[in-house]
């Protein structure tokens, strides 16, 4: 068994941990925007596009964090971050380091990764799926 084989067997776990961390970070962005926590002022309700982005961040972040409808939530989140990058950041410069759009760019690509690779292990949907699966009799 080579080093690659040993690493490969941990892919579902590491992907699950990645999903949890990115979901937690995204949820904290939404909570900060909507509720004014974490040294940030709350955005007034209905303020376009920031309040709506906060709702997406909070709801989709929680779904990704918990691993419930994770692919759909990650797809929606990736699109929202692409929109944020191109409408709010990209006009100020081509590269994320120039325009302050590093977080949206990283979130966009991180969520896109989850769309294609799935939630990994440690997801609530995986727990429910295992419990709902009929037992096989040999």
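Each reported figure results from applying straightforward, stated rules to the coordinates on display, with no laboratory input. Note that the structure is predicted; figures quoted are calculated from it, not measured. Here the Cβ is made from the backbone with ideal geometry for all residues, glycine too, and neighbour counts use every protein chain on show.
Between 43, 27, 87, where does the largest GNM mean-square fluctuation fall for the chain, given springs only between Cα atoms within less than 10 Å?
Maximum fluctuation in the GNM of the chain, among the listed residues, is at 87.
Please arrange 6, 71 by how many other C-beta atoms lie within 10 Å of their C-beta, fewest to most. Can you show the working numbers first?
On the way: 6 9, 71 18.
Going from sparsest to densest Cβ surroundings: 6, 71.
Say each of residue 94 and residue 28 gets a label point 7 Å from the Cα, pointing the same way as Cα to Cβ; how far apart are those two points in nm?
The answer from the label model is 3.3 nm.
Going by C-beta contacts inside 10 Å, put 88, 29 in order with the fewest on the left. Before the final figure, lay out each step's value.
Working: 88 16, 29 21.
Ordered from fewest to most neighbouring Cβ atoms within 10 Å, 88, 29 come out as 88, 29.
Hey, in the GNM for the chain with a 10 angstrom Cα cutoff, which one of 106, 97, 58 fluctuates hardest?
Among 106, 97, 58, the largest GNM mean-square fluctuation belongs to 97.
Out of 103, 84, 31, any idea which swings most in a Gaussian network model of the chain, alpha carbons joined below 10 Å?
Between 103, 84, 31, it is 103 that shows the largest mean-square fluctuation.
Determine the gain in length on full extension of the stretch residue 51-residue 117; use 0.36 nm per residue of separation and subtract their C-alpha separation, reporting nm with one decimal. Walk me through the numbers on the way to the answer.
Values: separation 66, 0.36 × 66 = 23.76 nm, distance 2.94 nm.
Contour length minus Cα-Cα distance gives 20.8 nm.
Subtract the Cα-Cα distance of residue 59 and residue 72 from 0.36 nm times their separation in residues, and report this length gain in nm to one decimal. Before the final figure, lay out the partial values.
Working: separation 13, 0.36 × 13 = 4.68 nm, distance 1.18 nm.
Full extension from residue 59 to residue 72 adds 3.5 nm.
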